[in-house]
Amino acid sequence: MSKALDGVRILDFTHVQSGPTCTQLLAWLGADVIKVERAGEGDVTRGQLRDIPGVDSLYFTMLNANKRSITVDAKNPKGKAILEALVKKCDVLVENFAPGALNRMGFTWERINELNPRMIVASVKGFGPGPYEDCKVYENIAQCAGGAASTTGFDDGPPLVTGAQIGDSGTGLHLALGIVAALYQRNTTGRGQRVLAAMQDGVLNLCRVKLRDQQRLARTHIMEEYPQYPNGTFGDAVPRAGNASGGGQPGCPSLGHGRPDRHRECAVHRPHDFGWLRTTHSRSSASTCQPSRRNATAVRDTGGRAAHRTWKRSNN
């Protein structure tokens with residue numbers, strides 16, 4: 001059976017992480033990805049953070065497997081002629097250069113459209129159109145600008161970035177979806193288009209449940225599933241809540257509200273999944289969950305700053 005993107009050719013001008021994440025996904029779906037690297041040195045990540053001397057780093061190979069690669073000097077007239085020939089033969093050009101770099105190479109949207117009216121030009125940038133569109137952005141900046149850092153961490157600590165690369169790899173995922181949609185639309189229009197995925201926008205989209213909480217906070221001024229309730233205070237922004245935030249704890253929107261002296265029963269939506277659970281909080285960090293139905297088993301957790309509860313299905 002053929003793959004979904006068999007026959008699609010990608011001209012890959014990306015480097016480091018966000019763009020290569022996107023083009024690798026397209027390669028896994030069957031696209032022929034031609035990675036263009038800088039003459040004489042290649043992608044900078046080939047030599048970064050190596051664990052074995054003298055070979056490409058895992059950082060590079062994990063993001064660029066399943067691609068073909070060439071090195072071209074775009075400043076050389078012969079090199080530029082090669083790139084123009086590739087533009088004519090490819091379906092999608094993907095880049096994550098600094099703002100304006102592709103134009104300075106001589107590949108403006110107008111020039112690309114002249115060479116190949118069916119070409120889709122897809123870009124990762126730090127910010128969308130606006131006052132910051134010319135700024136460079138990296139992972140930590142993206143998580144801060146997109147609101148993830150301000151809602152990550154414990155309530156008595158500073159904002160934190162998550163270990164998951166939601167700014168780089170997360171934006172690459174968003175761009176891949178945009179490219180697939182543009183390819184599908186081209187079947188109707190016969191023409192290419194520009195696709196932009198901004199890292200700030202990608203992070204913000206992944207923080208959508210925090211947007212939900214921001215609206216709730218603006219209207220109700222409290223959020224019962226956060227540990228700040230009922231004895232703490234809420235400000236104007238969604239607070240950091242350690243491991244208690246998000247969609248609520250399994251089986252219940254709130255288990256004790258973060259209060260060590262609180263004792264509460266919670267009913268889940270589907271009794272056959274977890275049953276009814278009774279939670280008891282001690283003054284220490286330990287937390288015990290006691291099942292009051294036979295189809296739930298409690299697991300005791302004695303680690304972590306905040307009470308952390310885990311459930312597993314039993315066969316009883």
Can you tell me which of GLY106, GLY30, GLY54, GLY79 is within 27 Å of GLY192 (Cα to Cα), part of a loop (DSSP other than H, G, I, E, B), of a type outside the set (Val, Ile, Thr) and over 29 Å from the mean Cα position of the chain (by Cα)? GLY106
Being more than 25 Å from GLY79 (Cα to Cα) and in contact with a helix residue (DSSP H, G or I) (Cβ under 7 Å, 6 or more places away or on another chain) is the requirement here; does LEU11 meet it? no
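Do we have any residue at all in the range 58-72 that's part of a helix (DSSP H, G or I), under 24 Å from ALA182 (Cα atoms) and within 22 Å of the chain's Cα centre (by Cα)?
Within the range 58-72, one or more residues are part of a helix (DSSP H, G or I), under 24 Å from ALA182 (Cα atoms) and within 22 Å of the chain's Cα centre (by Cα).
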Consider GLU84 carefully, then state whether it is assigned to a helix (DSSP H, G or I), more than 29 Å from CYS135 (Cβ to Cβ) and at pLDDT 95 or above. yes
Counting just the residues of the range 66-81 that are modelled with pLDDT of 95 or more and of a type in the set (Gly, Ala, Ser), which one comes out nearest to VAL33 (Cα to Cα)? SER69
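Looking for whichever is buried (at least 20 other Cβ atoms within 10 Å of the Cβ) and at pLDDT 95 or above here; the options are ASP134, ASP201, ASP168. Which one fits? Steps first, answer last, please.
On the way: ASP134 fails: buried (at least 20 other Cβ atoms within 10 Å of the Cβ); ASP201 fails: buried (at least 20 other Cβ atoms within 10 Å of the Cβ).
Result: ASP168 is the single residue among ASP134, ASP201, ASP168 that is buried (at least 20 other Cβ atoms within 10 Å of the Cβ) and at pLDDT 95 or above.
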Filter result for ALA181 (in contact (Cβ under 8 Å) with a residue 60 or more places away in the chain, out of contact with any helix residue (DSSP H, G or I) (no Cβ under 7 Å at 6 or more places or on another chain) and among the aliphatic types (A, V, I, L, M)): no
Could you give every pair whose Cβ atoms fall below 6 Å, whose first residue belongs to the range 61-88 and is under 24 Å from LEU29 (Cα atoms), and whose second residue is aromatic (Phe, Trp, Tyr) and not in a helix (DSSP H, G or I), counting only separations of at least 6 or pairs across chains? none
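The values are calculated or read from the model by the stated rules, or taken from the named source; none is laboratory data. What you are looking at is a predicted structure, and each value in this text was computed from that prediction instead of being measured. Note: ideal-geometry Cβ built from the backbone for every residue, glycine included; neighbour counts use all protein chains shown.
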